[in-house]
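These notes concern the structure reproduced below.
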Amino acid sequence: MDLEFSDSEKRFRDDARAWLEANVPRTPLKSGDSREGFAEHVVWEKKLHAARWSVVSWPAKYGGRDASLVEWLIFEEEYYRSGAPIRVTQNGIFLLAPTIFEFGTEEQKERILPAMSSAERLWAQAWSEPEAGSDLASVRSHAERVEGGWKVYGQKTWTTRGAFCDGIYGLFRTDPNSERHKGLTYLLVDLNQPGVTVRPVERIDGDESFAEVFLDGAFVPDANVLGGVNQGWKVAMSTTSSERGLSLRSPGRFMKAADRLVDLYQRRPDPGLRDRVTRAWMDAQLYRLYTFQTVTRMIEGGEIGADSSLNKIFWSEMDIRLTETALELLGPDAELLGGSPHAVDDGDWMLDFEFALAGPIYAGTNEVQRNIVAGRVLDLPR
Amino acid sequence: MRFSFTEEQRQMRDALRSSLTESCPSGRVRAAWKTPDAALRTELAEQGILAINLPEDAGGLGLGAQDWVLLAEELGLVAAPVNLIETLATNPTLAAIGALDLASQVGTGAEYVALEEPGGYALDADKAAGILAVRDGRVGWLRDATLVAQTSVDGTRRPFKVDGRFEAVDADATELLDRAALAAAAELVGLSRRMLDLAVEYSKSRRQFGKPIGSFQAVQHHLVDALQRIAFAAPAVYRAAWSVDTNHPNRSVHVSMAKVYASEAALFTGRKALQVHGAIGYTFEYDLHMWMKRAWTLSSAWGDVRHHTDRVGQFVMSGGQDA
Ligand SMILES: Cc1cc2nc3c(=O)[nH]c(=O)nc-3n(C[C@H](O)[C@H](O)[C@H](O)COP(=O)(O)OP(=O)(O)OC[C@H]3O[C@@H](n4cnc5c(N)ncnc54)[C@H](O)[C@@H]3O)c2cc1C
């Protein structure tokens, strides 16, 4: 066991910290989940890319630094620590890209990845449909074979930032005679074309971050089939464990949140809540330890596997405990939104709390995660 | 950065597991409720475990917490009726104060040194060659001690209220108590793992409404929640072992985190395991209660959740950083 960082890892941290300190916008950007704020965030993403900090773990030829997993975690810690803007590229660089690395052709990698790391093209995930939530295999959207590709039909929903992004990825039934997990294909669909209607939907926090995507004959060239026709389920599932287990919510995010909570406590101490603030800090540290253990296992040739679902349960529930504690510390000020003369920390805690509440729902609900662990880790009967 | 055990450390763990599976079935734990199991100390001594963290000039293996933490976990797994925590904690203290003869006797199992749990009790103090205690932040021997026997809810434990003439020695009290808390945390992880195993196995075999109860989602989620707590407590315990060995500046914070999460995992898992078992789990004859009771005692000994949360709180609130 060696829990120290190596000299080169420390240098990597220093470099990241120095660049971020010099470049993170001094005044916070508008919400990345609003149209105006999204545009500001894209500008920031381009700046990150220009300095080659947008996708540190990717190969240099696609805009990365060939950083190790540990370095990636270090970067994330520094990123959040610096108070840098949220990553509106996230659903591309962390969720689509790993699938492209695993299943994409050379042509797809060369065409899609550089434009993703440079934030020229932004991607949204389109799994959910009105009738297919947790039960993703019941998707109804389908694709019809045409010359050179496919025409897609159907409706996707809850597509985060779908109203602002350039493309979506999701599952479409390509074999009309198939059922459930069979006969689905993973397609990348350009949103800027006829046959696509995108309608923004407000979330509880007031941002128009959700979108409904209506597809009526939009064209998907063969080059945008990821991983083979009718292979979509396998392709889509392959990266879900790394998403839940690692990439979606790195420890740095919660360490920063915990530090902010401690800072809030110090400004508004309430001995009755001290243990809960301490617990939030410990939880974030614990999540970091768990992640380092996972990363070591991967470096030593192991896999993330179904216990990544435990991870997802942990971070999402920890986030709620943390933000609830902040609201309790704020007491009557908790309800004040940004812009209110007396709002504390510009009302951010309420927004953080609202977003934390979504954690047990998205990326596979926590009930579904518990089902997965029950079946695959504990081997319980169905 | 490498957060995993070495091949040798895992092999030692596996070796102990196979020997305990043979030698320490639950019947032996049950028997120790009636008659203290003196033989188990000797058996562990024969495998070098009582001397694992003694220096070589006291006949020891000269190894550290990273080498013994998995072994303590194994003892928890079988709820071994033996006070290993005291020995793992006091061994380096005996070496530090130059009590090498006594230390080597402890290593062979011939002698036992008791350690008073701060504010609490010393186990098997009547059989001890000496009783170490921490008073006002100092380590010392309790000489000419008076012992008042108590009865623990865990029938394998024989606690004594001890008092005596305090003879301070030159040893670090926090280090001593950190080792004890770490060893207890490791045992708690082992106890939790076995309680979960018992419940999982039971849920696969017990049938109601024509199905195994393990197919009911409410039952499944109880078990998953226990697993999640255990899975997260373990790295806290392993990290603390590294911090003890490297004398990390935040060692005590790390030990406290280990003890908090391990205690909670064990209490939680015990409750869930009992619920999944129904009434059979509530009987004296079924094994579960022996694990639960050990978990109750070890979660409050060597600093309970409140104590250790408070210790971390002092660190965090005074601006401590741990990245
Ligand atoms: C903030 C946010 C962002 C999102 N972003 C995206 C996105 O970008 N792209 C996208 O495709 N989707 C997105 N989603 C949607 C998300 O993936 C779905 O909400 C999720 O998969 C659950 O589906 P559902 O909402 O239809 O709920 P349902 O599946 O209808 O579930 C309702 C309730 O029933 C429970 N339930 C369902 N099945 C079971 C079962 N088998 N066992 C036990 N309980 C069960 C669920 O756990 C839940 O509590 C987002 C959601 C949120 C909240």
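The values are calculated or read from the model by the stated rules, or taken from the named source; none is laboratory data. The structure displayed is predicted, hence computed values, not measured ones. Because the Cβ atoms are built from the backbone with ideal geometry, glycine has one as well, and the counts that use them run over all protein chains shown. Each accessible area value is taken on the protein alone, full model and side chains, heavy atoms only, with ligands, DNA and RNA left out. Shrake-Rupley method; radii C 1.70, N 1.55, O 1.52, S 1.80 Å.
In region A:133-151, the residue that is nearest to A:ALA236 (Cα to Cα) out of those that are within 15 Å of the ligand (Cβ to nearest atom) and crowded, with 19+ Cβ neighbours inside 10 Å is A:LEU136. Being in contact (Cβ under 8 Å) with a residue 24 or more places away in the chain, within 23 Å of A:ALA363 (Cα to Cα) and more than 10 Å from the ligand (Cβ to nearest atom) is a property that does not hold for A:SER178. Considering (1) closer than 19 Å to B:LEU227 by Cα; (2) in contact with a Ser or Thr (Cβ under 7 Å, 6 or more places away or on another chain), the lone condition that A:GLN293 does not fulfil carries the number (2). Right, A:GLY245: at positive phi and either assigned to a helix (DSSP H, G or I) or not acidic (Asp, Glu) (or both) or not? Spelling it out, it is not the case that A:GLY245 is at positive phi and either assigned to a helix (DSSP H, G or I) or not acidic (Asp, Glu) (or both).
There is no residue in region B:224-232 that is of a type in the set (Lys, Arg) and open to solvent by less than 10 Å² (accessible area, probe 1.4 Å).
Residue count for region A:289-298 under the criterion of being surrounded by fewer than 23 Cβ atoms within 10 Å (Cβ to Cβ) and more than 8 Å from chain B (Cβ to nearest Cβ): the result is 1.
Scanning region A:324-351 for residues that are part of a helix (DSSP H, G or I) and open to solvent by less than 50 Å² (accessible area, probe 1.4 Å) yields A:THR325, A:ALA326, A:LEU327, A:LEU329, A:LEU330, A:GLY331, A:ASP333, A:ALA334, A:VAL344, A:GLY347, A:TRP349, A:MET350.
Residues in region A:355-380 that are more than 15 Å from the ligand (Cβ to nearest atom) and of a type outside the set (A, V, I, L, M, F, W, C): A:ASP379 only.
Would you call A:ALA280 farther than 24 Å from B:SER4 by Cβ, in contact with a helix residue (DSSP H, G or I) (Cβ under 7 Å, 6 or more places away or on another chain), in contact (Cβ under 8 Å) with a residue 60 or more places away in the chain and facing chain B (nearest Cβ under 10 Å)? Here the answer is no, as A:ALA280 does not meet what is asked. Does A:LEU380 meet the test of being touching a helix residue (DSSP H, G or I) at 6+ places or on another chain (Cβ under 7 Å), within 14 Å of chain B (Cβ to nearest Cβ) and either in a helix (DSSP H, G or I) or in contact (Cβ under 8 Å) with a residue 24 or more places away in the chain (or both)? Criteria not met by A:LEU380. Those residues that are more than 28 Å from A:LEU113 (Cα to Cα) and either more than 24 Å from the chain's Cα centre (by Cα) or acidic (Asp, Glu) (or both), I need them from region A:183-206; list them, please. Within region A:183-206, A:GLU202, A:ASP205 meet the criteria. Inspection of region B:184-204 identifies no residue that is open to solvent by less than 20 Å² (accessible area, probe 1.4 Å) and in a strand (DSSP E or B).
A single member of A:ASP7, A:ASP66, A:ASP15 is open to solvent by 20 Å² or more (accessible area, probe 1.4 Å) and either touching a strand residue (DSSP E or B) at 6+ places or on another chain (Cβ under 8 Å) or under 30 Å from B:ALA65 (Cβ atoms) (or both), and it is A:ASP7. On the stretch given as region B:77-89, residues that are open to solvent by less than 10 Å² (accessible area, probe 1.4 Å) and touching a Lys or Arg at 6+ places or on another chain (Cβ under 8 Å) total 3.
Of the residues making up region A:299-321, just one is surrounded by fewer than 18 Cβ atoms within 10 Å (Cβ to Cβ) and at the interface with chain B (Cβ under 7 Å from one of its Cβ atoms), namely A:GLU300. If you go through region A:234-255 and keep only what is surrounded by fewer than 19 Cβ atoms within 10 Å (Cβ to Cβ) and modelled with pLDDT of 95 or more, you end up with just A:LYS234.
Residues that are assigned to a loop (DSSP other than H, G, I, E, B), open to solvent by 10 Å² or more (accessible area, probe 1.4 Å), in contact with an Asp or Glu (Cβ under 8 Å, 6 or more places away or on another chain) and not assigned by TED's automatic domain parsing to the domain that holds A:PHE254: does region A:43-54 have at least one? Among the residues of region A:43-54, not one is assigned to a loop (DSSP other than H, G, I, E, B), open to solvent by 10 Å² or more (accessible area, probe 1.4 Å), in contact with an Asp or Glu (Cβ under 8 Å, 6 or more places away or on another chain) and not assigned by TED's automatic domain parsing to the domain that holds A:PHE254, which makes the answer no.
Residues in region B:96-116 that are open to solvent by 30 Å² or more (accessible area, probe 1.4 Å) and within 22 Å of B:LEU44 (Cβ to Cβ): B:LEU100, B:ASP101, B:LEU102, B:SER104, B:GLN105, B:THR108, B:ALA110, B:GLU111.
Among the conditions (1) within 13 Å of the ligand (Cβ to nearest atom); (2) in contact (Cβ under 8 Å) with a residue 60 or more places away in the chain; (3) surrounded by 21 or more Cβ atoms within 10 Å (Cβ to Cβ), the only one that A:ILE168 does not satisfy is (2). Among the candidates A:GLU106, A:GLU77, the residue that is buried (at least 17 other Cβ atoms within 10 Å of the Cβ) and out of contact with any Ser or Thr (no Cβ under 7 Å at 6 or more places or on another chain) is uniquely A:GLU77. Only residues that are within 20 Å of the chain's Cα centre (by Cα), within 12 Å of the ligand (Cβ to nearest atom) and more than 18 Å from A:HIS49 (Cβ to Cβ): list them for region A:98-131, please. Result: A:ALA124, A:GLN125, A:ALA126, A:TRP127, A:SER128, A:GLU129.
Of the residues contained in region B:245-255, one or more are found to be within 11 Å of chain A (Cβ to nearest Cβ), open to solvent by 30 Å² or more (accessible area, probe 1.4 Å), part of a helix (DSSP H, G or I) and farther than 22 Å from A:PHE314 by Cα.
Of everything listed in (1) open to solvent by 10 Å² or more (accessible area, probe 1.4 Å); (2) within 25 Å of B:THR246 (Cα to Cα); (3) of a type in the set (D, E, K, R), the single unmet condition for B:GLU74 is (1). Return a yes/no flag: does region A:199-220 have any residue that is more than 14 Å from chain B (Cβ to nearest Cβ), part of a strand (DSSP E or B), surrounded by 22 or more Cβ atoms within 10 Å (Cβ to Cβ) and within 13 Å of the ligand (Cβ to nearest atom). Yes, there is a match, as at least one residue in region A:199-220 is more than 14 Å from chain B (Cβ to nearest Cβ), part of a strand (DSSP E or B), surrounded by 22 or more Cβ atoms within 10 Å (Cβ to Cβ) and within 13 Å of the ligand (Cβ to nearest atom).
Scanning region B:267-302 for residues that are of a type in the set (Asp, Glu) and within 14 Å of B:VAL78 (Cα to Cα) yields one hit, B:ASP287. Any idea which of B:GLN220, B:GLN208 is of a type in the set (S, T, N, Q), closer than 20 Å to B:GLN275 by Cα and within 11 Å of chain A (Cβ to nearest Cβ)? Only one candidate qualifies: B:GLN220. The set of residues in region B:293-323 that are open to solvent by 30 Å² or more (accessible area, probe 1.4 Å), under 25 Å from B:VAL29 (Cβ atoms) and small (Gly, Ala, Ser) contains only B:SER300.
Criterion first (within 16 Å of the ligand (Cβ to nearest atom) and under 16 Å from A:VAL262 (Cα atoms)) does A:ASP352 satisfy it? So A:ASP352 fits the description; yes.
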